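Working notes, beginning with the structure itself.
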Amino acid sequence: MIHVVAVITAKPGMREAILQHFRANVPAVLAEPDCVEYCPAIDTAPALPIQTKYGPDTFLAIEKWDSLDALKAHAATPHMVAYAGKVKDMIAGRVIHILSPA
């Protein structure tokens, strides 16, 4: 099992536009044979005092894949290439964490 936490920071005011494209792409991603989970997440408000917020321009993509090969194949799918093209000018930055269960 591979876990992915992608921290995506939008250009100011563009997060919701990116999320609309992300949500539209979710059914195609979940239909990939080795996708276990694929969803966006934002800060919960109000939350506990210990929370460190990502802020209004950032969201996370929370993913689980059966294997690293499945994740590699996912990145090359036509729907992901199309998604990337739609949002590339809206993204200020991103950090991808690829993790294994401990």
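The values are calculated or read from the model by the stated rules, or taken from the named source; none is laboratory data. Owing to the predicted nature of the structure, the values given are computational and were not obtained by experimental measurement. Virtual Cβ from ideal backbone geometry, glycine too; neighbours counted across all protein chains shown. Please note that ligands, DNA and RNA were not included when accessible areas were found on the heavy atoms of the full protein model with its side chains. Shrake-Rupley method; radii C 1.70, N 1.55, O 1.52, S 1.80 Å.
Please count how many residues of segment 20-42 are assigned to a loop (DSSP other than H, G, I, E, B) and out of contact with any strand residue (DSSP E or B) (no Cβ under 8 Å at 6 or more places or on another chain).
Selection size over segment 20-42: 3.
Report yes if some residue within segment 61-73 is polar (S, T, N, Q), more than 14 Å from the chain's Cα centre (by Cα), farther than 20 Å from ASN25 by Cα and not in a strand (DSSP E or B); otherwise report no.
Within segment 61-73, one or more residues are polar (S, T, N, Q), more than 14 Å from the chain's Cα centre (by Cα), farther than 20 Å from ASN25 by Cα and not in a strand (DSSP E or B).
Could you grab the pairs with beta carbons closer than 6 Å, sequence gap of 6+ or different chains, first residue in segment 55-78 and under 15 Å from ASP43 (Cβ atoms) and touching a residue at least 40 places away in the same chain (Cβ under 8 Å), second one polar (S, T, N, Q) and crowded, with 18+ Cβ neighbours inside 10 Å?
ASP57/THR9; THR58/THR9
So if I check each of ALA92, ALA6, ALA17, which one is among the hydrophobic types (A, V, I, L, M, F, W, C), open to solvent by less than 40 Å² (accessible area, probe 1.4 Å), part of a strand (DSSP E or B) and touching a residue at least 24 places away in the same chain (Cβ under 8 Å)?
The unique qualifying residue is ALA6.
Can you give me the number of residues within segment 50-67 that are more than 22 Å from MET14 (Cβ to Cβ), hydrophobic (A, V, I, L, M, F, W, C) and open to solvent by less than 80 Å² (accessible area, probe 1.4 Å)?
Total satisfying the criteria: 1.
Given the criteria surrounded by fewer than 16 Cβ atoms within 10 Å (Cβ to Cβ), at pLDDT 95 or above and of a type in the set (D, E, K, R), does LYS72 qualify?
yes
Would you say GLY85 is at pLDDT 95 or above, assigned to a helix (DSSP H, G or I), small (Gly, Ala, Ser) and surrounded by fewer than 13 Cβ atoms within 10 Å (Cβ to Cβ)?
Yes.
Please pick out the residue among CYS35, CYS39 that is surrounded by fewer than 15 Cβ atoms within 10 Å (Cβ to Cβ) and under 14 Å from the mean Cα position of the chain (by Cα).
Checking each option against the conditions leaves just CYS39.
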